[in-house]
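Everything below concerns the one structure shown next.
None of the figures in this text is laboratory data; all of them are computed from the coordinates on show. Please read these numbers as outputs of a predicted model, since none were measured by experiment. Don't worry about glycine lacking a Cβ; one is built from the backbone with ideal geometry, like all the others, and counts go over all protein chains shown.
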């Protein structure tokens, strides 16, 4: 089994073998070009980010700067929005649903290293996939650790470190991130805390 196959299977692998280092360098060069595009070069941005990522839908926005390892292991659904300085370490697959909003400085990590120092120093590492459902909002500076699954219609509060799965239809926050409460129909009339919408088309 090649190291890339081991990596995507969630098995220990060495990132310096079987062309993985060259794959990462190819992606780094594309990301370098992407991050240096002028703000009005929107067509070039759209074309290049779709070349970097593995699977995209009709409408996606990824603000510069953006960083990832391979790119091709990232799948995003329609109406995906990532704000400034999003980092995705995609040694494992990252599968993101529709209508997902990612605030600035969010980091999604599938990559990790063994706990024991001798094992860690052997050069073996791992990638465990991360799955994010539909209609999710990740607040500023959220960190998602390897192996996490976030359900549909979830809000993750700013600064949270998500180490365990989060179920559907909840607000979760903290370090480590925990469910605070369910999202209910009552929440629909508010746009921020106790401030109610003054328009009818929301």
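Points to keep in mind about this one:
- Seen through its C-alpha gyration tensor, with square-root eigenvalues sorted a ≥ b ≥ c, region 73-156 comes out prolate because a/c lies at 1.5 or above while a/b is bigger than b/c.
- Relative contact order of region 125-202, taken over Cα pairs closer than 8 Å and 6 or more residues apart, is 20 percent.
- When each of 67, 116 is scored by the number of other beta-carbon atoms lying within 10 Å, the sequence from fewest to most is 116, 67.
- Region 3-184 shape via C-alpha gyration tensor axes, a/c threshold 1.5: oblate
- Here, P(r) means the percent of Cα pairs in each 5 Å bin from 0 to the largest distance; for region 28-120 it is 3, 13, 24, 27, 17, 6, 5, 3, 2, 1.
- Placing a label point 7 Å from the Cα of residue 164 along the Cα-to-Cβ direction, no residue of region 92-112 has a backbone N closer than 15 Å.
- Rel. contact order, % - alpha carbon contacts under 8 angstrom, at least six apart, region 54-202: 14
- Counting beta carbons within 10 Å around each of 81, 66, 197 and listing the fewest first gives the order 197, 81, 66.
- At R0 = 41 Å, FRET efficiency that the Cβ-Cβ distance of residue 67 and residue 186 yields, to 0.05: 0.60
- Cα→Cβ-extended label distance, 7 Å offset, between residue 36 and residue 23, nm: 2.6
- Least to most buried among 48, 29, 138 (fewest other Cβ within 10 Å first): 29, 48, 138
- Helix 20-35 axis, angle to the chain major axis (alpha carbon atoms, nearest 10°): 40
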